[in-house]
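Quick notes on the structure that follows.
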Amino acid sequence: MSEEKLRCDACPVMCYIAPGRSGACDRYANHDGELVRLDPLTVIEGGGPVVPFLGRDWNGDIIQGDRPFVTAIGAGTTYPDYKPAPFIVSQMVDDADMITVVTEGIFSYCGVKVKIDTDRHIGAECAIVRVKGEPIGHVMTGEYGSKMLSLGGVDHLTGGSKAEGRVTCDALLALCNREAVEMQIDDGVNIVVQAGQAPIIDGVAEKLMRVGCGSATIGMFAKQWAPHVDEVIVVDDHITGVLTEHEAGKQLDMRPAGIRVTGRRSTPGRYFQVAGHGTGWGGTDVTDPLTIIKKIDPKIAWPGLRLLMISTTGEQWEYFVLDADFTPQPAEIPDPLRAIAERIADNCEPSLCSVLFMGGAGGSLRAGVTENPVGLTRSVKDALTRVTVGGAVGYVWPGGGITVMADVMDMPSNAFGYVPTPALVAPIEFTMKRADYAAMGGHMDRVRPVSEVLTPAIRRVRR
Ligand code: SF4
């Protein structure tokens, strides 16, 4: 080993770094014989009036106001864990003497939860999500207008092959830093996910998030439809709605139309499983809506009956009139019905991907904050200590430990790093009153005023 190499001790990899080179994670470098953190410490500067922390009118946003907030981005890590966090800063906020402890935590126990606003079927629940052929997570539940993915987690990072861990870590890092990641879902679609952007599913950018399920859409627009049409069927992968049979149609005294759709009837006017999953109308595999009509009862229906079939986003619709043989024939849609279809689309929100980082800070990371780690956990549970991730307010899960979740869109860009163990490096800050920090056994001898860390080398981000 060359005498000139420096040994970085900021993570378990313990790189030897030659002069002028950086370590395996590109976060630390040997600069003229000195180990330096390559990214500047990031400070968020707010605008507007100062809101006292824990004050009566406090709205939960600890970095609101014009005071600088020292994030953990670029702060560096401490390893092994008993060393105090890199920055423990104090500042007065009105009359409150506040402490913020910042550190870049090395998270082996972490992942992301992804919400994808789409009607389209992307894959079955529990289907494996892959990047470059490696499993990095799975499909979770379908929510109201969205599909959920769970990606990463300790099993993918450490429990599989070396390639699985590396690819998982790379994908998590890119997603958390708001970059695009292309994924393949087993027996499902190819999808490009990027926080704050529309998902691209099998090469097509998604546009709209549904206004509601088929049944809800019937309820919302029944009164507007009733004067202009005899039947409306809203095609939906989950709950297809049939207007005249639905409670909304009944309350509007609509005449039964005698049109029965495929699938399983849940309650009047609400049908499950009218077709297979897919990327067609309302998340079904339907491209021709008439294929979900099971029968038209000639004793109830009548020639000239006006039928509108429409998807949950209003993007697809077709209008028919029954001929003398009770067969639906395509017809010119009346202007009022076209306007309602456009209104449904207008009521849909833009389709986006949301990426929430989720990690467990309940382990050894706490020792960098206090000599009595459980004191920090209790202080967080008692709402005396606020947890932020790169300045973004974190949601702390109930139960044991400090399992925190935060939206990557609320953080400055490039807030995350990695180490090749593999693990994600995520910024985490704990803010509390000085008295509460002392009471939990905090490293009081390491507290320094915020003015000491506000150097010209700092990266400033305005909020
Ligand atoms: S991977 Fe990065 S943090 Fe870990 S020892 Fe190497 S340079 Fe230091």
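Please treat every number below as a calculation from the coordinates, not as lab data. Here the structure is a predicted model, which is why all the values come from computation and not from measurement. When we count neighbours, we look across all protein chains shown, and the Cβ atoms used for this are built from the backbone with ideal geometry, even at glycine.
Summary table below
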{"item": "Expected 222 nm ellipticity per residue - DSSP helices of 4 or more, -39500 (n - 2.57), all of the chain, to 500", "result": "-4000 deg cm²/dmol"}
{"item": "Beta bridges by DSSP in the chain, antiparallel share as percent, to the nearest 5", "result": "90"}
{"item": "Residue exposure sequence - Arg306, Arg264 - by fewest surrounding Cβ within 10 Å", "result": "Arg264, Arg306"}
{"item": "Point-charge dipole on Cβ atoms (K/R +1, D/E -1) for the stretch 325-463, about Cα centre, debye to 20", "result": "1020"}
{"item": "Ranking of Trp281, Trp397, Trp225 by count of other Cβ atoms within 10 Å, fewest first", "result": "Trp397, Trp225, Trp281"}
{"item": "Top positive-direction residue, dipole computed over the chain with Cβ charges, set Ala341, Leu376, Ala180", "result": "Leu376"}
{"item": "Sequence-distant lysines (8 or more away, or on other chains) whose Cα lies within less than 23 Å of Lys295", "result": "Lys250"}
{"item": "Surrounding net charge for Gln329, when Lys and Arg each add one and Asp and Glu each subtract one, Cβ distance under 12 Å", "result": "-3"}
{"item": "Cβ-based charge dipole, the chain, positive-most Cα from Pro289, Thr455, Thr100", "result": "Thr100"}
{"item": "Sorted peptide list for 71-77, 338-344, criterion being average Cβ within 10 angstrom, highest first", "result": "71-77, 338-344"}
{"item": "Charge context of Trp225, other residues only, Cβ under 13 angstrom, K/R +1, D/E -1", "result": "+2"}
{"item": "Unit charges at the beta carbon, dipole of the stretch 299-366: most positive-side option, Pro330, Phe357, Phe320", "result": "Phe357"}
{"item": "Gain upon complete extension [Arg434, Val204; 0.36 nm per residue less C-alpha separation]", "result": "77.5 nm"}
{"item": "Segment Val154-Asp97, extension gain: residue separation times 0.36 nm, minus the distance between their alpha carbons", "result": "16.8 nm"}
{"item": "Check: the chain dipole with +1 on Lys, Arg Cβ and -1 on Asp, Glu Cβ, in debye", "result": "700"}
{"item": "The stretch 168-218: relative contact order as a whole-number percent, Cα under 8 Å and 6+ apart", "result": "21"}
{"item": "Proximal charge balance of Met183 [Cβ under 15 Å; K/R count +1, D/E count -1]", "result": "-3"}
{"item": "Trypsin sites (Lys or Arg not before Pro) within the stretch 95-200: DSSP coil, no more than 16 neighbouring Cβ in 10 Å", "result": "Lys132"}
{"item": "Set of lysines near Lys147 by C-alpha distance (under 27 Å), chain-local residues within fewer than 8 positions excluded", "result": "Lys113, Lys115, Lys132, Lys207"}
{"item": "Sparse-neighbour loop sites [GluC sites (Glu not before Pro); the stretch 124-172; at most 16 other C-beta within 10 Å; DSSP]", "result": "Glu125"}
{"item": "Mean-position separation - Cα centroids, the stretch 188-211 and the stretch 1-38, in angstrom", "result": "41"}
{"item": "Distance from the stretch 404-443 to the stretch 284-343 (C-alpha centre basis), Å", "result": "55"}
{"item": "Gained length - Met140 relative to Tyr82, 0.36 nm times residue gap less alpha-carbon distance", "result": "17.2 nm"}
{"item": "Order of Ser266, Ser108 - criterion: other Cβ atoms within 10 Å of each residue's Cβ, fewest first", "result": "Ser266, Ser108"}
